[in-house]
Amino acid sequence: MIELAIYVPRGILLPESVLYAQWFSVLASFVAINTVIYLILGITKILPPIRFGGSKGRERRSETRNIDPDAPV
């Protein structure tokens, strides 16, 4: 069986000069802000809606929603 002896550095994707370039820091900042925005949007979708006002459920209705139209509200 033939083994290939090729040295491939692991964990190094970009040279150090790219990591310290200004365009890369701008791109990294944009990705970070975008991630935070989507995190906030995801959390707000999970939480129950906030309702303002003192009335609840049946008190908000002016008419009955019962099958019997003469039923009390």
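Observations on the model:
- Selection within segment 1-25 - open to solvent by 100 Å² or more (accessible area, probe 1.4 Å), in a loop (DSSP other than H, G, I, E, B), at pLDDT 70 or above and hydrophobic (A, V, I, L, M, F, W, C): Ile6, Leu13
- Qualifying residue in segment 26-48 (condition: part of a helix (DSSP H, G or I), at pLDDT below 70 and open to solvent by less than 100 Å² (accessible area, probe 1.4 Å)): no
The values are calculated or read from the model by the stated rules, or taken from the named source; none is laboratory data. Computed from a predicted model, the values in this text were never measured in an experiment. Quick note on the areas: whole protein, heavy atoms, side chains included, nothing else; ligands and nucleic acids left out. Shrake-Rupley method; radii C 1.70, N 1.55, O 1.52, S 1.80 Å.
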